[in-house]
Structures are given as structure tokens and as C-alpha cells.
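Here's the structure we're looking at; comments come further down.
The values are calculated or read from the model by the stated rules, or taken from the named source; none is laboratory data. Quantities reported herein were computed from a predicted structural model and do not represent experimental measurements. A quick note on method: Cβ atoms are made from the backbone with ideal geometry, for glycine too, and the neighbour counts reach across all protein chains shown.
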């Protein structure tokens, strides 16, 4: 997880980039919809998935794996 440090700016950190997912959240959004919506915010898919993982661990989102839908808390 990228956290702000002397070498990593706040804008490059995972904590900062998680807000891109939450910024314009919509109910019924799939993981692929969220990735397409935030494509300009993340360098690649792994960075996006890392941010999703952190949001999931913090219980800010839940994911229905059967249909790939994000459920926002």
C-alpha cells in the first residue's frame, strides 16, 4: 500500500486515490464500471484493485462476487 512519505507524495498514495472511487459512486455499479469511470486516476488495473482492496478491508464497500457489483456502505 502506498502511503504518503518523504518519497511518495499524497497524490500518488493509495489513500488519496481511493477518493476517486468514492467521488461519484453510483448504486448498482460493477467493478468494471468503476474502473472505466476512474481510468484517468490510476496508472493501471493493479493500482485500482489495490484501492478497492483497501476500501473493502475498511468496510467502506462490499462486493457481490456473483455479479461483480460494488455495494457502498
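Some notes on this structure:
- Residue satisfying all of: in the stretch 38-59; surrounded by 13 or more Cβ atoms within 10 Å (Cβ to Cβ) and farther than 16 Å from residue 71 by Cα; nearest to the chain's Cα centre (by Cα) among these: 48
- Single condition residue 11 does not satisfy, out of (1) out of contact with any strand residue (DSSP E or B) (no Cβ under 7 Å at 6 or more places or on another chain); (2) modelled with pLDDT of 90 or more; (3) not in a loop (DSSP other than H, G, I, E, B): (2)
- Count of the stretch 50-73 residues which are over 19 Å from residue 26 (Cβ atoms) and assigned to a helix (DSSP H, G or I): 4
- Looking across the stretch 14-32, the residues that are free of Cβ contacts under 8 Å to residues at least 24 places away in the same chain and not in a loop (DSSP other than H, G, I, E, B) come down to 16, 19, 23.
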